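All remarks here apply to the structure that follows.
Derivation of every value follows stated rules applied to the coordinates shown; laboratory data play no part. Predicted model only: the values in this text are computed from it and were never measured. Every residue, glycine among them, receives a Cβ derived from its backbone with ideal geometry; neighbour counts consider all protein chains shown.
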Amino acid sequence: MTRAIFLILDSVGCGGAPDAADFGDEGANTLAHIAQACAEGRADAGRSGLLKLPNLDALGLGAAIRLASGADTPGLDAGQTGTYAAATEVSQGKDTPSGHWELSGVPVPFHWHYFPDTEPAFPSDKIAEFVERAAIPGILGDKHASGMPILHELGEEHIRSGKPICYTSADSVFQIAAHEEHFGLERLYEICKIAADIFHPMRVGRIIARPFIGETADTFTRTLNRKDYAIAPPEPTLCDRVVEAGHQTLAVGKIGDIFAHRGISKLKKGKRDLELVDDLLEFMDEYKDGDLIFVNLVEFDTLYGHPRDVAGYARALEAFDARLPEITSRLKSGDMLVISADHGNDPTWSGTEHTRERVPVLITGPDVTAREIGIVNFADVGESIAAHLGLTAGKHGRNFL
């Protein structure tokens, strides 16, 4: 029996991308910089001391960071005690879909459309079409912004006017924030579908529904009912190939949204990350020969990377590390767990956006021999999982196992 778990720690990069300078990210290193900040006492809010990730480090996390970038990793010095690699992306983006698709064997063959960092940011004719088709009185925002700051700025006006808040970032996204009660959650989803119909042909990768609650700027908070409307991958991904072979892709977190719900057999989503670990454990009780469990834990990125919260990011990493033995202890002969990331989001870096980085690749299971694999490509990770599951080889990567 062969089964696989593919666990993506969203934005947990390890530096060293050879083209980082092209993205303005030369020197960015999410994991190394968090570890260094912890060692220097700059990440002691809610925790203290060295970054403590004994379980991830035993799988080779510190070694993978040093392999990727040569950076110092204080506290992550277990050495070569697991099977590890570092992966380099070739797709021309540092966004969630590009990372996940390429890790699943399909590099993005085109350039995404990115909105300019101007006010307004969006084409006036497209916004006019959106306003008319969505039957809304107009929009607020129309600029680059981060999620919580723009809610603080425009949330109260949104409630008064009924105009949704539309904003973007350095990613290929059109995000729409609206109040779950005053505007309506289903209404938000409806206008996001209209926006997808308008902006997807421009190769805008995702339309993201960003619902929130609260009555004043001080009380606004996002809910867990986010929904992404993503362009479908241009070729069959690892998810599709598993299903086409007669098996199941069991998705946890926003995996369904990232792959436009293609190649997804069952889905558990809409919870906090540590609750999603519980969902993963439930799927481990039912997955069968040939099945894939595909997991995305997003809060490293959304709650700590974008807001540049180093201590919060460290706390989240340590909280996940404490749960990792619950996963590894359930692995049986023929099972393989692969832990990786889709891009970086260095919380010590300037700005609020993702950072172009290599990512760690940690592999374990009862039948996995500990070794260093070296530098690989993102697509090689998906192809190695496919080979483990007995699937026909794809055309973009190689099996490194």
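What does the extension gain come out to for residue 281 and residue 189, with contour length at 0.36 nm per residue minus their alpha carbon separation?
30.1 nm
What's the center-to-center distance, using Cα atoms, between segment 369-383 and segment 55-84 in Å?
Rounded to whole Å, the Cα centres lie 15 Å apart.
Karplus couplings for segment 171-178 from phi (6.51 cos²θ - 1.76 cosθ + 1.60, θ = phi - 60°), rounded to Hz, Gly and Pro as x?
Here the 3J(HN,Hα) series is 7, 7, 9, 10, 9, 10, 9, 8 Hz.
222 nm [θ] for the chain, helices only, -39500 (n - 2.57) per DSSP H run of 4+, per residue, to 500? Intermediate results must be reported in sequence, preceding the final value.
Numbers: 12 runs with 126 residues, N = 401.
It lands at -9500 deg cm²/dmol.
Using only the Cα atoms of segment 338-401, what are the Rg and Dmax in Å?
14.3, 44
Report the per residue volume, in Å³, of the convex hull enclosing the C-alpha atoms of segment 98-199. Mind dumping the intermediate values first?
Details: hull volume 12.0 nm³, N = 102.
Residue-normalised Cα hull volume stands at 117 Å³.
For segment 313-375, which semi-axes, largest first and in whole Å, follow from the square roots of 5 times the eigenvalues of its Cα gyration tensor?
The three semi-axes for segment 313-375 are 28, 16, 8 Å.
Within straight cross-link reach of residue 163, meaning Cα distance under 30 Å, which lysines are found once same-chain residues fewer than 8 apart are removed?
126, 143, 193, 227, 254, 269, 271
What spacing in nm lies between the two simple spin-label points modelled at residue 156 and residue 289, each 7 Å away from Cα in the Cβ direction?
Going from the residue 156 label point to the residue 289 one covers 6.4 nm.
Counting only Cα atoms, I'd like the Rg/Rh figure for segment 28-104, Kirkwood definition for Rh.
Working: Rg = 14.0 Å, Rh = 13.6 Å.
Rounded to two decimals, Rg/Rh equals 1.03.
Relative contact order of the chain, please, whole-number percent, based on alpha carbon pairs below 8 angstrom and at least 6 residues apart.
Relative contact order here is 30 percent.
Out of all DSSP beta bridges in segment 203-346, what portion is antiparallel? Express it as a percent rounded to 5.
Taking every DSSP beta bridge with both residues in segment 203-346, the antiparallel ones total about 45 percent.
Taking the Cβ of residue 51 as the centre, find all other residues whose Cβ is under 15 Å away and add up their charges (Lys, Arg: +1; Asp, Glu: -1).
So the environment of residue 51 carries a net charge of -4.
Report for the chain the percent antiparallel among DSSP-assigned beta bridges with both residues inside it, nearest 5.
Details: 18 of 53 bridges.
Roughly 35 percent of the DSSP beta bridges within the chain come out antiparallel.
Starting from the Kirkwood radius over alpha-carbon pairs of segment 242-294, derive D by Stokes-Einstein at 37 °C in a medium of 0.692 mPa s and give it in µm² s⁻¹.
295
Are there trypsin sites (Lys or Arg not before Pro) in segment 160-227 that DSSP puts in a loop and that have at most 15 other Cβ atoms within 10 Å, and which ones?
Numbers: sites: 160, 187, 193, 203, 206, 222, 226, 227; in loops: 203, 226.
The qualifying sites are 203.
Find, among the trypsin sites (Lys or Arg not before Pro) in segment 297-342, those assigned to loop by DSSP (not H, G, I, E, B) with at most 14 other beta-carbon atoms within 10 angstrom.
330, 332
What do you get when you divide the Cα radius of gyration of segment 269-401 by 2.2 N^0.38 Å, with N the number of residues?
Relative to the 2.2 N^0.38 Å estimate, segment 269-401 comes out at 1.14.
Report the rotationally averaged projected area of the chain based on its alpha-carbon convex hull, in square nanometres. Write out the running numbers ahead of the final one.
Working: hull surface 71.5 nm².
The Cα convex hull of the chain, projected and averaged over all directions, gives 17.9 nm².
I'd like the distance separating the alpha-carbon centroids of segment 317-345 and segment 140-177, in whole Å.
Each part reduced to its Cα centre gives a spacing of 35 Å.
For the chain, with the dipole built from +1 on Lys and Arg beta-carbon atoms and -1 on Asp and Glu ones, taken about the Cα centre, which of 258, 65, 319 lies farthest toward the positive end?
Comparing the listed Cα positions along the dipole, 258 ranks first.
Cα axis of helix 185-199 to longest principal axis of the chain: angle in degrees, 0 to 90, nearest 10?
So the helix axis and the longest Cα principal axis differ by about 80 degrees.
P(r) tail for segment 144-248, what percent of Cα pairs lie past 25 Å?
Of all Cα-Cα pairs in segment 144-248, 29 percent lie more than 25 Å apart.
For segment 120-137, take each phi angle, set θ = phi - 60°, evaluate the Karplus expression 6.51 cos²θ - 1.76 cosθ + 1.60, and give the result in whole Hz per residue in order, putting x for glycine and proline.
x, 9, 9, x, 4, 5, 5, 5, 4, 5, 4, 4, 5, 5, 7, 6, 10, x
How much length is gained if the chain between residue 315 and residue 81 is pulled fully straight, taking 0.36 nm per residue apart and subtracting their Cα-Cα distance, in nm to one decimal?
81.9 nm
Of 18, 37, 76, whose Cα points farthest to the positive end of the dipole of segment 3-79 (charges on the beta-carbon: +1 Lys, Arg; -1 Asp, Glu; origin at the Cα centre)?
Sorting the options by dipole projection puts first 76.
Once you place label points 7 Å from the Cα toward the Cβ at residue 265 and residue 392, how far apart are they in nm?
A separation of 1.9 nm, rounded to one decimal place.
Would you mind getting the Kirkwood hydrodynamic radius of segment 1-132 from its Cα pairs, rounded to one decimal in Å?
Hydrodynamic radius (Kirkwood, Cα pairs) of segment 1-132 is 17.6 Å.
Could you work out, for segment 102-149, what percent of all Cα-Cα pairs fall into each 5 Å distance bin, beginning at 0 Å and stopping at the bin that holds the largest distance?
The calculated distribution, bin by bin, is 5, 15, 18, 17, 16, 12, 11, 5, 1.
Suppose a student asked you for the relative contact order of segment 234-300, using Cα pairs under 8 Å spaced at least 6 residues apart; what percent would you report?
Working: 102 pairs, mean separation 26.7, N = 67.
Rounded, it is 40 percent for segment 234-300.
Quick one: helix 273-284 against the long Cα principal axis of the chain, what's the angle to the nearest 10°, folded into 0 to 90?
Tilt of helix 273-284: around 50 degrees.
Give the share of C-alpha pairs in each 5 angstrom bin for segment 161-217, from 0 to the last occupied bin, in whole percents, shortest bins first.
Using 5 Å bins, I get a P(r) of 4, 20, 30, 22, 14, 7, 2, 0 for segment 161-217.
Determine, from the Cβ-Cβ distance of residue 333 and residue 244 and an R0 of 30 Å, the FRET efficiency 1/(1 + (r/R0)^6), rounded to the nearest 0.05.
Efficiency, from the Cβ-Cβ distance: 0.70.
How many nm is it between the label spots at residue 323 and residue 215, if each spot is 7 Å from the Cα in line with the beta carbon?
Simple spin-label model gives 3.4 nm for this pair.
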